2 protein chains.
Amino acid sequence: MKIAIQDTYPDDVAHCYGCGRLNPEGHQIKTFLEGERTVTRFTPKPFHTAVPGFTYGGLIASLIDCHATGSAAIFKLLSEGKTVGSVPAPRFVTAHLEVDYLKPTPLAPLVLFGRALEVKERKVVVATELYAEEALTAKGHAVLVLMPETMRKG
Amino acid sequence: MKIAIQDTYPDDVAHCYGCGRLNPEGHQIKTFLEGERTVTRFTPKPFHTAVPGFTYGGLIASLIDCHATGSAAIFKLLSEGKTVGSVPAPRFVTAHLEVDYLKPTPLAPLVLFGRALEVKERKVVVATELYAEEALTAKGHAVLVLMPETMRKG
């Protein structure tokens, strides 16, 4: 069975509102490796609207953000010859995020695909495509860096 | 008394999760003109964490997004010689959003300042600075365009 990268984050850094398994109020998104790309699926709540019928752009940015940090961890593991679940995941944070809203995103189940543009020792660059009802509606470009120790209080 | 731009959005486009006054589940952020800049204040909830003690990056992107769309409406009104509250606000949506996370943002009251980089007939560009505990922790750059009629179902 596939393991979500977020389920392998160390406990002290698993409280993210977007993807932390230890944040009961949050979105708890899950990102998986499927073939050579990463995949996150998420269904917005009825109130996650921009205007009625369409998904809120801030949620789209949030999903791309957490999908990209999870993807960075996956691609980093792969670059080291490791598999998801074999070790605690490296925890990345976002240094730079860009979102292109190509067209309005219907309020419908969403799927995000990620690929690595660059994998270095402490930095990963991830490109994301977000689809709704089989249409590409947003693109993301994120620069992720390993979380600074000053953020870890555990 | 100052009027928030979001309180002057037409009813059919006032359901945004970030800033819609008609979305009881949402953040309901309010953006004001103060001098020549726009200002939004928001206090994250205890569960809006990235890791314990720090604000979730997706929330920061969301706040910058809604602050920028509200700011675009304000700057557009000003460019036409109008004041906030004198007419229904023009409704902008985000075409492109960039966020630079300069340093970890503490989980504390946040204030965002906006200024117009460009104001055209259907497009406004807004630069945002986000402060927490008097430190500049994130910067935003957003390109906003007038909402397409296809998004308005009212």
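What the table shows:
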read-out: Hey, residue A:81 more than 9 Å from chain B (Cβ to nearest Cβ), farther than 17 Å from residue A:18 by Cβ and touching a helix residue (DSSP H, G or I) at 6+ places or on another chain (Cβ under 6 Å) or not; value: no
read-out: Filter pass, residue A:35 being farther than 29 Å from residue B:19 by Cβ, of a type outside the set (Val, Ile, Thr), free of Cβ contacts under 8 Å to residues at least 24 places away in the same chain and surrounded by fewer than 24 Cβ atoms within 10 Å (Cβ to Cβ); value: yes
read-out: One residue from B:111, B:99, B:51, B:124 being touching a Phe, Trp or Tyr at 6+ places or on another chain (Cβ under 8 Å) and either within 26 Å of residue A:15 (Cβ to Cβ) or not in a strand (DSSP E or B) (or both); value: B:111
read-out: Filter pass, residue B:94 being within 12 Å of the chain's Cα centre (by Cα), of a type in the set (S, T, N, Q) and at the interface with chain A (Cβ under 8 Å from one of its Cβ atoms); value: yes
read-out: Selection count, region A:8-20, where residues are more than 13 Å from the chain's Cα centre (by Cα) and either at the interface with chain B (Cβ under 9 Å from one of its Cβ atoms) or charged (D, E, K, R) (or both); value: 5
read-out: Odd one out for residue B:108 among (1) surrounded by fewer than 22 Cβ atoms within 10 Å (Cβ to Cβ); (2) at pLDDT 95 or above; (3) closer than 30 Å to residue A:148 by Cβ; (4) within 14 Å of chain A (Cβ to nearest Cβ); value: (4)
read-out: Check on residue B:62, of a type outside the set (Asp, Glu) and farther than 14 Å from residue B:116 by Cα; value: yes
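Matching residues to (1) at the interface with chain A (Cβ under 8 Å from one of its Cβ atoms); (2) in a loop (DSSP other than H, G, I, E, B); (3) of a type in the set (Lys, Arg):
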| position | (1), (2), (3) |
| --- | --- |
| B:27 | no, yes, no |
| B:33 | no, no, no |
| B:41 | no, no, yes |
| B:44 | no, yes, no |
| B:59 | yes, no, no |
| B:72 | no, no, no |
| B:77 | no, no, no |
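The values are calculated or read from the model by the stated rules, or taken from the named source; none is laboratory data. None of these values were measured; they are calculated from a predicted model. Here the Cβ is made from the backbone with ideal geometry for all residues, glycine too, and neighbour counts use every protein chain on show.
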